[in-house]
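See structure below.
Quick note: the coordinates plus some simple rules give every number you see, no bench work behind them. Here the structure is a predicted model, which is why all the values come from computation and not from measurement. No Cβ is skipped: glycine too gets one built from the backbone with ideal geometry, and neighbour counts run over all protein chains shown.
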Ligand SMILES: [Zn+2]
């Protein structure tokens, strides 16, 4: 027996989400059907609200509901240090370490292993920051995987054009581990022990 068409469609859509396999998608869909209608409506509204009201900050790329974001508006932060990360979730992890510089978020929606290339990256806002002369150091806080390695070399090349010092996080993050999941102490040590590229 097959599920009713609308239910099958819901399962298909849920399955498109990262880390959701067919079994989990089925479990979530059935859970939603059993939930009170107002709960389901709340979830739908939360998804639509977040999608319409949150977008990348025009200065740093961090996902925010105001533009520029709170971090870019904060005058007390060190404008001389620019930390480059792949996702807003990485910034949230780095913020917990007490880092007080500025950020640049790539919002990476490609995978270099899938033959996508770096020319898809819009680096204009990044280059604008470097051109301004305010940035003295770029910290590459990229994930320790092959994509992060290639991306890091590419960004370091761009920063060097502007004579900006480039550093990367010290080892200590497990290879293949991700910044957003690193604990605060490991991440703080990786930032403090950063090395020039
Ligand atoms: Zn910002």
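Quick notes on this one:
- Segment 58-173: C-alpha gyration tensor shape, a/c 1.5 cut-off, then a/b vs b/c: rounded
- Highest-fluctuation residue, 47, 71, 94 considered, GNM on the chain with Cα pairs under 10 Å: 47
- Within a Gaussian network of the chain (alpha carbon springs, distance under 10 Å), most fluctuating of 15, 120, 102: 15
- Value of Rg to Rh for the chain (Rh from inverse mean 1/r over Cα pairs, i.e. Kirkwood): 1.05
- Shape category assigned to segment 54-115 from the gyration tensor of Cα positions, a/c cut at 1.5: prolate
- Three-way shape label, segment 5-53, alpha-carbon gyration tensor, a/c 1.5: oblate
- Using a cutoff of 8 angstrom between alpha carbon atoms and counting only pairs six or more residues apart, the relative contact order for segment 55-196 works out to 24 percent.
- Highest average packing first - 154-160, 16-22, Cβ atoms within 10 Å: 154-160, 16-22
- Against the main long axis of the alpha-carbon atoms of the chain, helix 22-34 sits at an angle near 60°.
- With contacts taken as Cα pairs under 8 Å and at least 6 residues apart, segment 45-85 reaches a relative contact order of 22 percent.
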